[in-house]
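Student: Can you read through this structure? Questions will come right after.
The values are calculated or read from the model by the stated rules, or taken from the named source; none is laboratory data. Small disclaimer: the values here were computed from a predicted structure and weren't measured. A quick note on method: Cβ atoms are made from the backbone with ideal geometry, for glycine too, and the neighbour counts reach across all protein chains shown.
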Amino acid sequence: MKTPRLASATISSTVAPARRASRALRAAVLGTALLFGTAAAEPPASPIRFNQQGFAVGEPVTVSLAFPRTVSWSLRDERGRVVASGKATPRPDAGAGDSVATVRIAAALPAGRYALTAGGVTSRPITITSRPFQPLFRDAMSFFYQQRAGTPILARYVQRPDLARVAGHPGERASCFAGTDMLGLAWPACDRRVDVSGGWYDAGDRGKYVVNAGLSVWTLLNAYERAQAHGTPDLMRDGVLALPEAGNGVPDLLDEARYEIAWMLRMQLPDGTHTAVLAPGRKATRTIDAGGLVHHKLGDIHWAKLPLRVEDDHDVRALYPPSTAATLNFAAVTAQAARIWRTIDPQFAATCLVAAKRAYAAALRHPDLIADDRFTGSGAYGDEQVADEFFWAASELAITTGDRDVIARVSGSALGRSGAGGTIGWADTGPLGAISMLTVPSHIPAATIATQRRAVIARADRLLADAAQQGYRFPATPGAMQWGSNGDVLSRAIILGTAYDLTRRGAYRTGVVDALDYVLGRNPLDRSYVTGYGARPMRNPHHRFWAHQLDPAFPSPPPGVLSGGPNNVAMTDPVATTMKGTCRPLTCWSDEAQAFTQNEVAINWNAPLVWVAAFVDRTRNLRTSGGAAR
């Protein structure tokens, strides 16, 4: 890592596409990446806080100044010339526990390195380059390759040799959970073993969850569909990422998403399959005809120790009962995939469409299969309300098929009539259907689409109002920070980015950039929450393999991995419990591998990081309504 002198603080690496990578280029890439693997001690926190990855040429620079009183500031270039100056008056920020002023420097600055001085303090370097978030897109996408199960992670496709590993759970087959759950209910065994190989490990654990897979895949595929709608940028083409599939004529992002979709297809139950589910009242089981339904998850029956190499992970793993939420997630994503692969791979598209229709029909037959927190060894991902999943799945099917009955269900649903402009999360999926119908042409009635447009824009306006109340100007409601708050912030940025696409109003894009600025360093901890990016990056995620802090025989994380972020609500891990009552919401975070409520990583948090990096890169220096480009 670079020391905090007037030089680039970025320590990310860009891995060349595998099909074009020469021996010399691979050596250069590894040399850069090894710099991160042997990073020096980080510099202390500074009261001058900004996006530690940098800014694009010609775009405004936003800096937050945490001082107790009004300060004069000046920005100087590498030759020491003042290129901007002013005064800033901080205001108290309850969430941060300090006083902060946020300054936007609108001057179109050329590429170079700058330093800002305020209150007698000089900042670390502020870098301006042509495309600062292009490497972030690539590294954030590499996270998914490195989370793959069932295949070896090869050194030639990762940023450092020590990140390579053998295949985890190759050729995996599993049966239904049998035994007594944590609430004392006995579950019967089943006489089938299912091929559940492949897919992505979900997070720091090695469970694989359909609802989180659905959200994550949709986010990546929507980034692709958005790019198609607005002119495909180079980041969405073949040969951009370091993947085994690079060079096959298919955009690399789609290759990665397909790896997860292929696993999801294995989680659907064949017609005629009978399985045990919870009976009404949840105090007994019942057996149903489950054909077309989708298992909620695959996971260990006990929590795996930390750290743990995949070749040493031998605990029993089980399939858990199907749920309506998982089935509808599956239906939505396979319907989305069916239209995307229609011209790329018609056979795969047809397979996805058949699976989507079967799943949607099964969910209609079984609308009340709710997953709850009764099994140890894996996350619950419980969801008591599935009206939003029904809306999402119907929306994707309607867009893909034009089926009149499904379109009628979309338009006639509560969210179809009122608009799905809420939050995005694995348990809040209504906005995904709205965003898809606002991105992809379809036969859905114009009135329904107009309703969704109004709802998304209204939600974006609410997010801008929330950001205005934050001292650090990022799109989140002031107050408590939830588990996975960084992923939530970037998911809100997807709504803002969609509103920008609909209106070309510059304030919405500013909101997206503010979200990215926040996770990359413009926050009360002066911390980049993305590994390998910035002078003070997160280094010690809660992860079974990237666990160098716990055991030097294990590697440090690769660049491009997003931390869950501050959390002052569910402070249940060994580190967070010691912080209760001692930290403000935006500072309840620790860079500790044991801090799973604050520093775990997950596919549904890295996916919006990919979306936002691609969006900001693509929209840089575009003209917007209401003034200059932002």
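Student: Would you mind finding the one in Gly249, Gly199 that is at positive phi and buried (at least 23 other Cβ atoms within 10 Å of the Cβ)?
Tutor: Gly199
Student: OK, next. When you check Leu183 against the structure, is it over 30 Å from Asp617 (Cβ atoms) and more than 16 Å from the chain's Cα centre (by Cα), yes or no?
Tutor: Against the criterion (over 30 Å from Asp617 (Cβ atoms) and more than 16 Å from the chain's Cα centre (by Cα)), Leu183 qualifies.
Student: Cβ-Cβ distance below 9 Å, separation of 6 or more or different chains: which pairs start in the stretch 104-115 with a residue that is surrounded by 13 or more Cβ atoms within 10 Å (Cβ to Cβ) and end on one that is part of a strand (DSSP E or B) and charged (D, E, K, R)?
Tutor: Within 9 Å, the pairs are Tyr114/Arg76; Ala115/Arg76.
Student: Next question. Can you report the number of residues in the stretch 454-483 which are surrounded by fewer than 20 Cβ atoms within 10 Å (Cβ to Cβ) and either part of a helix (DSSP H, G or I) or among the acidic types (Asp, Glu) (or both)?
Tutor: Total meeting the criteria: 9.
Student: Which of the residues belonging to the stretch 501-520 are under 12 Å from Arg49 (Cα atoms) and not in a helix (DSSP H, G or I)? Talk me through it step by step, then tell me what you get.
Tutor: Step one: of the stretch 501-520, the residues under 12 Å from Arg49 (Cα atoms) are 517-520.
Residue satisfying the conditions is Leu520 alone.
Student: Quickly run through the stretch 101-131 and pick out the residues that are within 16 Å of Val82 (Cβ to Cβ) and among the basic types (Lys, Arg).
Tutor: Arg113
Student: Another question, if that's okay. Looking at (1) farther than 30 Å from Ala111 by Cα; (2) of a type outside the set (S, T, N, Q); (3) touching a Gly at 6+ places or on another chain (Cβ under 8 Å), which is the only condition Leu562 fails?
Tutor: With (1) farther than 30 Å from Ala111 by Cα; (2) of a type outside the set (S, T, N, Q); (3) touching a Gly at 6+ places or on another chain (Cβ under 8 Å) applied to Leu562, the lone miss is (1).
Student: For Ala576, work out the one condition from (1) on the phi < 0 side of the Ramachandran plot; (2) under 22 Å from the mean Cα position of the chain (by Cα) it doesn't fulfil.
Tutor: (2)
Student: In the set Asn523, Asn486, which member is part of a loop (DSSP other than H, G, I, E, B), in contact (Cβ under 8 Å) with a residue 60 or more places away in the chain, crowded, with 21+ Cβ neighbours inside 10 Å and touching a helix residue (DSSP H, G or I) at 6+ places or on another chain (Cβ under 8 Å)?
Tutor: Asn523
Student: Restricting to the stretch 560-602, count the residues that are without any contact (Cβ under 8 Å) to a residue 12 or more places away in the chain and of a type in the set (Gly, Ala, Ser).
Tutor: The total comes to 1.
Student: Among the strands (runs of 3 or more DSSP E) confined wholly to the stretch 233-303, which include 2 or more residues that are under 22 Å from the mean Cα position of the chain (by Cα)?
Tutor: The strands (runs of 3 or more DSSP E) meeting that bar are 297-300.
Student: Filter the stretch 427-445 down to the residues that are assigned to a loop (DSSP other than H, G, I, E, B) and either of a type outside the set (A, V, I, L, M, F, W, C) or touching a Phe, Trp or Tyr at 6+ places or on another chain (Cβ under 6 Å) (or both) and list them by number.
Tutor: Selection gives Thr429, Pro441, Ser442, His443, Pro445.
Student: Condition test on Thr275, is it farther than 23 Å from Gly214 by Cα, modelled with pLDDT of 95 or more and touching a strand residue (DSSP E or B) at 6+ places or on another chain (Cβ under 7 Å)?
Tutor: Spelling it out, it is not the case that Thr275 is farther than 23 Å from Gly214 by Cα, modelled with pLDDT of 95 or more and touching a strand residue (DSSP E or B) at 6+ places or on another chain (Cβ under 7 Å).
Student: A further question on this structure: Identify, please: which residue in the stretch 373-387 is of a type in the set (D, E, K, R) and exposed (fewer than 15 other Cβ atoms within 10 Å of the Cβ) and is, among those, nearest to Met182 (Cα to Cα)?
Tutor: Asp373
Student: If you take the residues in the stretch 593-610 that are among the β-branched types (Val, Ile, Thr) and either out of contact with any Leu (no Cβ under 8 Å at 6 or more places or on another chain) or assigned to a helix (DSSP H, G or I) (or both), which one is farthest from Leu215 (Cα to Cα)? Can you show your working first?
Tutor: Narrowing the stretch 593-610 to residues among the β-branched types (Val, Ile, Thr): 597, 601, 603, 610.
If we keep only those that are either out of contact with any Leu (no Cβ under 8 Å at 6 or more places or on another chain) or assigned to a helix (DSSP H, G or I) (or both) as well, we get 597, 603, 610.
On the way: Thr597: 20, Ile603: 9, Val610: 13 Å.
Across the stretch 593-610, the extreme among qualifying residues is Thr597.
Okay, residues lined up against (1) within 20 Å of Gly292 (Cβ to Cβ); (2) of a type in the set (A, V, I, L, M, F, W, C); (3) surrounded by 18 or more Cβ atoms within 10 Å (Cβ to Cβ); (4) within 23 Å of the chain's Cα centre (by Cα):
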position	(1), (2), (3), (4)
Val354	yes, yes, no, no
Lys357	yes, no, yes, no
Ala363	yes, yes, yes, no
Leu369	yes, yes, yes, no
Ala393	yes, yes, yes, yes
Ile399	no, yes, yes, no
Val406	yes, yes, yes, no
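Student: Determine, yes or no, whether Ala290 is in contact (Cβ under 8 Å) with a residue 40 or more places away in the chain and either out of contact with any helix residue (DSSP H, G or I) (no Cβ under 8 Å at 6 or more places or on another chain) or more than 27 Å from Gly382 (Cβ to Cβ) (or both).
Tutor: no
Student: Still on this structure, I have one more. Only one residue in Val277, Val294, Val310 is under 30 Å from Ala593 (Cα atoms) and β-branched (Val, Ile, Thr). Which one?
Tutor: Result of the check over Val277, Val294, Val310: Val310.
Student: For the stretch 77-175, which fully contained strands (runs of 3 or more DSSP E) count at least 3 residues that are within 30 Å of Asn568 (Cβ to Cβ)?
Tutor: Result: 91-93, 98-105.
Student: Do we have Trp392 as under 27 Å from Asn486 (Cβ atoms) and touching a Gly at 6+ places or on another chain (Cβ under 6 Å) here? First the steps, then the outcome.
Tutor: Values: under 27 Å from Asn486 (Cβ atoms): yes; touching a Gly at 6+ places or on another chain (Cβ under 6 Å): yes.
Criteria met by Trp392.
Student: Among residues belonging to the stretch 309-328 that are under 23 Å from Met182 (Cβ atoms) and within 24 Å of the chain's Cα centre (by Cα), point out the one that is surrounded by the fewest Cβ atoms within 10 Å (Cβ to Cβ).
Tutor: Thr324
Student: Looking at the stretch 46-82 only, could you name the residues that are within 21 Å of Pro110 (Cβ to Cβ), free of Cβ contacts under 8 Å to residues at least 60 places away in the same chain, aliphatic (A, V, I, L, M) and out of contact with any Lys or Arg (no Cβ under 7 Å at 6 or more places or on another chain)?
Tutor: Passing the criteria: only Leu75.
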